[in-house]
Structure formats: structure tokens, C-alpha cells
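Q: This is the structure I want to talk about, given as C-alpha cells.
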Amino acid sequence: MRKLFCVYDIHLSTDLESKTLDISADDIKNIEKKAYGREGIKKLEKVINNFYDLLGKKFEKEKVDKIYQDGGAIDWATVAKTKPEIYDQFLNDLEEKVSAGSRSYELVLSLAKKGSEIKQTEDPKLVLEEATFFQNYVKLIKVKEELSKGKKYNPKEEEEIKELAVKIAKQQSEQAERGEKRDMAIADNINKSLKEEETGLLIIGAMHNVKPYLAKGIELEELMPEGMKRISERCS
């Protein structure tokens, strides 16, 4: 029997900032403030911290063979064996995210240090598409904020902003389909790499739904923050 713990996460600034995409924690925090308000963010952070406190205690007692995480398009288990210096740098990058306050990466790092393998979770092409959409979305939010403060753009820049808005609208219209493809790819990677008698941990955003695509022989245990509806309820 194969077992999979599925942790439904709520991504905040410490999880979403990216040097590669030139997206800072402050960029994400500004979006969060508009979406939840200051008090809403405080409540959300409290819920997430309580949730990960419980997860930390739970996984002290559980043996986890393989870790899967949304956005993860590299098989770090293979890299650890073939290019250990690159894997060590990856762990250092995780340490930075943990220091910045990421609870999900804190859990991943603690398990990796105990021997859990970090496996490829997603299709690189689909991750790149999602990352490009997110990068464009954050860029447009920043532009709108600058416009609200009275910043002026020249005609060429205005045309580029219009093109960006059109591109985002198209990407947004494709998001549901892209999300389903990602879920299918995630499940497929788990189905192929999680072996008999192994236990896996999947950390995934709350809007994902991999359950329908997992192999029948995988026992699934869903874990989510207090107040979040079960995945079956959200998708019914």
C-alpha cells in the first residue's frame, strides 16, 4: 500500500517571492493587503502558523519517504546524488525562505534533513506558463498602483501596458484549463515515483485538486487549515 499525505496550503508572501521572476515579498504583501486587509492577513497568518505547528508535531512521528510540492519542477533527489554541491545550494535557498518566515519550506527542510527525498512534482512547461502569468499579473498591479499615484507614461509605455493587460486577460481565461493540466501532471508524477510501501507528502495550494487523478492504490489523507472546506466540498 502506498500512502500520500496531502497538505492544502495557503501561499503568502514568504512562499511566493521570487528573485528569478523579480517578484519581492513586498510586491506580494501589497496584493495581500488589498485582498484581505491588515486584520485579515493577521488572522490568516495565525491560522497558518497554528496549522504548521500541528503539522510539525505530526510529522515528527511520521516517516516520509518522498516530498512533493507545487511549483517543484526539478527532481532534487537525483540532483542530491549527481550534483551534491547544487543540492546544498538549494537547501541554503530553502533556509533563506524559512528565515523569512515560510512555514511550508520549514516543514520541507526539516524532513529533507531527516532523509526525505524531494521529488519532481510538476511539468516544467506548465510551471513556466503559470509563473509567466503570475509575473505579468504582479507587474500590472504595480503599474496600476503607480497610475493611481499620478505617474505618467509615454505613448510607447502606454501601448506596452495595454498589450500586457490583453496578455493577462488571455492567460487568465486559460487558468482553469492550465490548473487541471497541472493537477493531472502532479498526480502522474506521484503515481510513477511513489513506490509500494512508501509514504509521500504533497504540499499544494488550496485551489488544486489532484485527488481524481491519483492511482487507486494510493491511500490519501488530506490535511488543511482550520475552517477550510474539504477538497471534495470545494469542487462539488
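Q: Among Leu107, Leu44, which is touching a helix residue (DSSP H, G or I) at 6+ places or on another chain (Cβ under 9 Å), modelled with pLDDT under 95 and in a helix (DSSP H, G or I)?
A: Details: Leu107 fails: modelled with pLDDT under 95.
Checking each option against the conditions leaves just Leu44.
Q: Look at Val98 and say whether it is in contact (Cβ under 8 Å) with a residue 12 or more places away in the chain and either of a type in the set (S, T, N, Q) or within 30 Å of Asn50 (Cβ to Cβ) (or both). Spell out the reasoning first.
A: Details: in contact (Cβ under 8 Å) with a residue 12 or more places away in the chain: no; either of a type in the set (S, T, N, Q) or within 30 Å of Asn50 (Cβ to Cβ) (or both): yes.
Criteria not met by Val98.
Q: Let me ask something else about it. Just name the residue that is farthest from Lys34 (Cα to Cα) out of those in the range 120-154 that are touching a residue at least 24 places away in the same chain (Cβ under 8 Å) and aromatic (Phe, Trp, Tyr).
A: So the residue we want is Phe133.
Q: So, one more: For a quick check of your reading of the model, give me the residue pairs whose first member lies in the range 204-216 and is under 17 Å from Asp123 (Cα atoms) and touching a residue at least 40 places away in the same chain (Cβ under 8 Å), whose second is of a type in the set (Phe, Trp, Tyr) and buried (at least 19 other Cβ atoms within 10 Å of the Cβ), with beta-carbon atoms closer than 7 Å and at least 6 apart or on different chains.
A: Once the first residue is under 17 Å from Asp123 (Cα atoms) and touching a residue at least 40 places away in the same chain (Cβ under 8 Å) and sits in the range 204-216, its partners that are of a type in the set (Phe, Trp, Tyr) and buried (at least 19 other Cβ atoms within 10 Å of the Cβ) give Ile204/Tyr8.
Q: Any residue in the range 206-220 that is hydrophobic (A, V, I, L, M, F, W, C), modelled with pLDDT under 95 and over 27 Å from Ser104 (Cα atoms)?
A: Let us first name the residues in the range 206-220 that are hydrophobic (A, V, I, L, M, F, W, C), namely 206-207, 210, 214-215, 218, 220.
Restricting the remaining residues to those that are modelled with pLDDT under 95 gives 206-207.
With over 27 Å from Ser104 (Cα atoms) added as a condition, the list becomes none.
Checked the range 206-220: no residue is hydrophobic (A, V, I, L, M, F, W, C), modelled with pLDDT under 95 and over 27 Å from Ser104 (Cα atoms).
Q: Exactly one of (1) modelled with pLDDT of 95 or more; (2) over 28 Å from Lys181 (Cα atoms); (3) in contact with a strand residue (DSSP E or B) (Cβ under 8 Å, 6 or more places away or on another chain) is unmet by Glu62. Its number?
A: Condition not satisfied by Glu62: (1).
Q: Looking at the structure I just gave you, is Gly37 surrounded by fewer than 17 Cβ atoms within 10 Å (Cβ to Cβ), outside any helix (DSSP H, G or I), on the phi > 0 side of the Ramachandran plot and not acidic (Asp, Glu)?
A: On the way: surrounded by fewer than 17 Cβ atoms within 10 Å (Cβ to Cβ): yes; outside any helix (DSSP H, G or I): no; on the phi > 0 side of the Ramachandran plot: yes; not acidic (Asp, Glu): yes.
In short, no.
Q: Which of the following residues is free of Cβ contacts under 8 Å to residues at least 40 places away in the same chain and more than 16 Å from the chain's Cα centre (by Cα): Glu60, Glu117? So that I can check it myself, show each step before the final result.
A: On the way: Glu117 fails: free of Cβ contacts under 8 Å to residues at least 40 places away in the same chain.
Among Glu60, Glu117, only Glu60 is free of Cβ contacts under 8 Å to residues at least 40 places away in the same chain and more than 16 Å from the chain's Cα centre (by Cα).
Q: List the number of the failed condition for Thr20; all other conditions in (1) of a type outside the set (Lys, Arg); (2) part of a loop (DSSP other than H, G, I, E, B); (3) surrounded by 12 or more Cβ atoms within 10 Å (Cβ to Cβ) hold.
A: (3)
Q: Considering Tyr87, Tyr52, which residue is touching a residue at least 24 places away in the same chain (Cβ under 8 Å) and either surrounded by 16 or more Cβ atoms within 10 Å (Cβ to Cβ) or not in a loop (DSSP other than H, G, I, E, B) (or both)? So that I can check it myself, show each step before the final result.
A: Working: Tyr87 fails: touching a residue at least 24 places away in the same chain (Cβ under 8 Å).
Selected residue: Tyr52, the only one of Tyr87, Tyr52 that is touching a residue at least 24 places away in the same chain (Cβ under 8 Å) and either surrounded by 16 or more Cβ atoms within 10 Å (Cβ to Cβ) or not in a loop (DSSP other than H, G, I, E, B) (or both).
Q: Could you grab me the full set of residues in the range 90-118 that are closer than 25 Å to Asn191 by Cβ and surrounded by fewer than 19 Cβ atoms within 10 Å (Cβ to Cβ)?
A: Phe90, Lys114, Gly115
Q: Looking at the range 162-183, which of the residues that are of a type in the set (A, V, I, L, M, F, W, C) and surrounded by 15 or more Cβ atoms within 10 Å (Cβ to Cβ) is farthest from the chain's Cα centre (by Cα)?
A: Leu164
Q: Out of (1) in contact (Cβ under 8 Å) with a residue 40 or more places away in the chain; (2) crowded, with 19+ Cβ neighbours inside 10 Å, what's the single condition that is false for Lys3?
A: Going through (1) in contact (Cβ under 8 Å) with a residue 40 or more places away in the chain; (2) crowded, with 19+ Cβ neighbours inside 10 Å one by one, Lys3 breaks only (2).
Q: Looking at Ala131, Ala185, Ala176 in this structure, which one is under 30 Å from Val108 (Cα atoms), part of a helix (DSSP H, G or I) and modelled with pLDDT of 95 or more?
A: Working: Ala131 fails: modelled with pLDDT of 95 or more; Ala176 fails: modelled with pLDDT of 95 or more.
The match here is Ala185.
Q: Can you pull out the residues in the range 58-76 that are under 15 Å from Glu221 (Cα atoms) and assigned to a loop (DSSP other than H, G, I, E, B)?
A: If the condition is that a residue be under 15 Å from Glu221 (Cα atoms) and assigned to a loop (DSSP other than H, G, I, E, B), then Glu62, Lys63, Val64 are the ones that fit.
Q: From the list Thr82, Thr78, Thr121, exactly one residue is at pLDDT 95 or above and loosely packed, with under 13 Cβ neighbours inside 10 Å. Which is it?
A: Going through Thr82, Thr78, Thr121 in turn, just one is at pLDDT 95 or above and loosely packed, with under 13 Cβ neighbours inside 10 Å: Thr82.
The values are calculated or read from the model by the stated rules, or taken from the named source; none is laboratory data. These figures come from a predicted structure and were not determined experimentally. Here Cβ is always computed from backbone atoms with ideal geometry, including for glycine, and neighbour counts include all displayed protein chains.
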